[in-house]
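The next block holds one structure in the form of structure tokens; read it before the comments.
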Amino acid sequence: MPMSDTTATAPRLTPVQWLICVIASIGFAFDIYELLMLPLILPPALKDLGGIQLGNPQFAYWRDLMFYLPAFCGGIFGLLGGYLTDRLGRRRVLVYSILLYAFSALGAGFATSLPMLLFLRCTTFVGVCVEFVAAVAWLAELFPNPKQRESVLGYTQAFSSLGGLMVSGMFVLISKYSFSLPAIYGAHAEWRYTLISGVIPAIPLIIIRPFLPESPAWQEKKDAGTLKRPSIAEIFSPAFRRTTIVTTLMFACAYGAAFGAIQQLPQIVPGLPELKGLTRPQIQPIVGAVQMVQEIGGLVGRFLLAFLAIRILSRRKLLRVFQIPGLIILPLVFIFPATNNLDLLRVGIFFCGLFTVAQFSFWGNYLPRVYPVHLRGTGEGFAANIGGRMIGTSAALLTTQLAGLMPGTTPAMHLAYAAAAVAFLVYAAGLVLSFFLPEPKTEGLLE
């Protein structure tokens with residue numbers, strides 16, 4: 001049964017609703033900010049904390065561990081967070097998840113060993129995974145008008161890519177001015193300042209929290225005693241089984257393209273011929289600049305998704321707008337410019353970001369429409385965290401393992417070819433799965 005009249009004209013946003021959009025946008029922006037800083041800070045952090053550099057077997061070990069273990073923890077606890085979102089309320093879980101990842105990032109900036117850094121990256125990832133699920137359910141239920149809901153979800157999620165731009169810009173800025181900042185443990189390591197900057201979202205959240213309302217749909221059912229207990233088993237019942245399995249696998253494919261290909265760039269770019277002979281301080285700003293171009297592409301993709309979401313009714317057709325060109329472009333970019341041409345790589349990576357990152361916003365718009373109130377967080381949590389954060393991010397491990405089997409003359413070239421292979425694989429799988437994706441039965445939300 002739909003929760004809203006789909007023919008109703010979208011009302012103007014109230015001051016409280018604008019406040020909601022602001023805090024959701026901050027949360028989404030720093031979700032990605034926290035995650036995407038890892039490829040930027042990892043090489044210098046491994047060198048400073050462990051004396052490990054690219055080419056050393058220990059580098060591959062710690063790199064894989066830093067990518068996959070936090071994702072694994074985030075997936076498990078993110079699923080638990082989705083369950084708690086249905087049990088305890090959207091707002092409460094949202095607020096504490098943001099505080100968790102913000103203060104974990106702050107602590108990571110003062111890490112004194114690789115195990116300590118790894119632990120704090122795990123708790124950061126847990127907070128990020130829970131925040132996405134709670135925020136999407138919260139927003140979807142606070143804006144019952146279908147067109148308004150689609151727009152709010154689409155445009156607030158677009159700030160995720162702004163988070164990517166922010167972290168790239170912050171890293172470039174810190175790389176330039178790190179020696180003007182207070183020393184940490186007697187040094188001016190860029191990666192420490194970048195991690196510490198992740199505490200920023202906690203500041204406005206602490207101030208704004210008392211003004212944030214709970215989801216009316218969830219609160220009404222809770223007060224009336226009609227809110228059913230969430231159950232992971234129920235999302236695999238006949239009514240939801242196909243939705244759960246297909247969305248989980250497709251979420252994995254989207255994350256697989258991001259982590260298996262795009263997020264390998266900071267390790268690929270230093271191997272380009274144009275950068276040969278440059279020192280690390282000279283290379284880091286170039287790496288950050290390439291990452292920024294990719295994030296601009298992602299931002300454009302998210303806004304394009306938000307624009308098209310209320311104009312293309314079929315969810316399958318909407319998703320294929322991004323899947324089909326991405327299937328062609330990503331492998332070509334990593335096979336050719338990523339191995340020999342920095343200028344062409346900047347152009348190509350813009351489109352890689354556009355077609356890949358837009359799909360993340362798609363799932364934020366789609367998932368709230370296919371689960372009822374008592375399963376909304378649980379269903380979203382399973383697809384996003386088991387599919388995306390656990391299975392999808394493991395593509396980074398697949399890429400690094402495949403790199404040893406690839407042709408080429410340098411480790412960066414091996415990695416670029418492996419990224420191309422993984423990108424083609426996950427994009428092809430996602431396109432095939434899109435033919436099995438259930439279309440939502442109504443423009444409104446299920447009760």
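Every read-out reported here was derived from the displayed coordinates using simple, explicitly stated rules and does not represent laboratory data. Predicted, not measured: the structure shown is a model, and the values here were computed from it. Quick reminder, even Gly has a Cβ in these numbers, built from the backbone with ideal geometry, and neighbours come from all protein chains shown.
A few comments on the model shown:
- From largest to smallest, the equivalent ellipsoid semi-axes obtained for the stretch 113-186 from the alpha-carbon gyration tensor read 35, 18, 8 Å.
- A Förster radius of 30 Å combined with the Cβ-Cβ distance from ASP223 to ILE203 puts the calculated FRET efficiency at roughly 0.40.
- Helix 90-108 and the longest principal axis of the C-alpha atoms of the chain enclose an angle of approximately 10°.
- Shape call, the chain: gyration tensor on alpha carbons, a/c limit 1.5: prolate
- Calculated [222 nm] ellipticity per residue, helices only, for the chain: -24000 deg cm²/dmol; basis is -39500 (n - 2.57) per DSSP H run with n ≥ 4, divided by all residues, nearest 500.
- Distance (nanometres) between label positions extended 7 Å along Cα→Cβ at VAL22 and PHE435: 4.9
- The alpha carbons of the stretch 1-156 stretch over 61, 27, 23 Å along the principal axes, in descending order.
- Proximal charge balance of LYS222 [Cβ under 15 Å; K/R count +1, D/E count -1]: +2
- If the convex hull is drawn through the Cα atoms of the stretch 150-297, its volume per residue in Å³: 200
- Cα long-axis angle, helix 15-50 against the chain (0 to 90 degrees, to the nearest 10): 30
- Cβ crowding within 10 Å ranks PHE336, PHE119 as PHE336, PHE119, fewest other Cβ atoms first.
- Using alpha-carbon coordinates, inclination of helix 280-309 to the longest axis of the chain, degrees: 20
- Cα gyration tensor category, rounded, prolate or oblate, for the stretch 76-117 with a/c compared to 1.5: oblate
- Dimensions (Å) - the stretch 201-287, Cα atoms, principal axes, largest first: 68, 42, 14
- Residues in the stretch 342-359 carry Karplus couplings, in order, of 5, 5, 5, 4, 4, 5, x, 6, 4, 6, 4, x, 4, 6, 7, 5, 4, 5 Hz; the curve used is 6.51 cos²θ - 1.76 cosθ + 1.60 with θ = phi - 60°, and Gly or Pro positions show x.
- HIS374, HIS188 arranged by Cβ crowding within 10 Å, fewest neighbours leading: HIS188, HIS374
- Cross-link partners of LYS317 among lysines (Cα-Cα below 27 Å; sequence separation of 8 or more within a chain): LYS147, LYS441
- Cysteines not pairable in the chain (beta carbon separation under 4.7 Å absent): CYS21, CYS129, CYS253, CYS352
- Per residue, the convex hull volume that the Cα atoms of the stretch 327-447 enclose (Å³): 104
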